[in-house]
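These notes are about the structure you will find just below.
No value in this document is a laboratory result; all are computed from the given coordinates. These figures come from a predicted structure and were not determined experimentally. Neighbour counts are summed over all protein chains in view; Cβ atoms, including those assigned to glycine, are modelled from backbone coordinates with ideal geometry.
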Amino acid sequence: MSNITQLVNVEKNMTTLKKSVHASGLDQVLSGKGPYTVFAPTDIAFAKLDKSILENLLKPENKTKLTDLLNHHVVEGKINFRDLKDGEKLKTVNGKQLVVHVKDGHTTVDGAVIQDHDVQATNGIIHSLETVMFNN
């Protein structure tokens, strides 16, 4: 079984996340012991952003902003999809809060719909999102 970084590296729907994780240095953290739960934006999620936003975030001088954005998608601990509860508040590794909503068979985190879930890694779990979550 692979760690989170290794899984993101080979996932064909997460090429933008892969590029972002490596540009931010988060690949080192997500290769570590963990465990972590990653709410991973897919390429479709990143495509919804204005192209200039992503290009800007990937510039070396914006590494801190990119890291903060990506950390907003990572929670310490391993949380399986079935264990997510409506109204639950999750604390991200950057100290912000995500709110889970479960309604009509759909589960969202801060309004982002969880698409695929429970991709197991040696150091945690990945749930893919169709939206990039911003920490307002």
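Residue order for 2, 128, fewest other beta carbons within 10 angstrom first, comes to 2, 128. Look at 27, 86, 50, 104 and count the other Cβ atoms within 10 Å of each Cβ; fewest to most, that gives 104, 50, 86, 27. When the alpha carbon gyration tensor of the chain is reduced to an equivalent ellipsoid, the three semi-axes, largest first, read 21, 17, 14 Å. Full extension of the segment from residue 81 to residue 1, taken as 0.36 nm per residue of separation minus the current Cα-Cα distance, would add 26.9 nm. As a calculated quantity, the FRET efficiency between residue 89 and residue 53 at R0 = 30 Å, using C-beta atoms, amounts to about 0.65.
Only lysines eight or more places from residue 19 in sequence, or on another chain, were considered; those with a Cα closer than 27 Å are 33, 48, 51, 59, 63, 65, 78, 91, 96.
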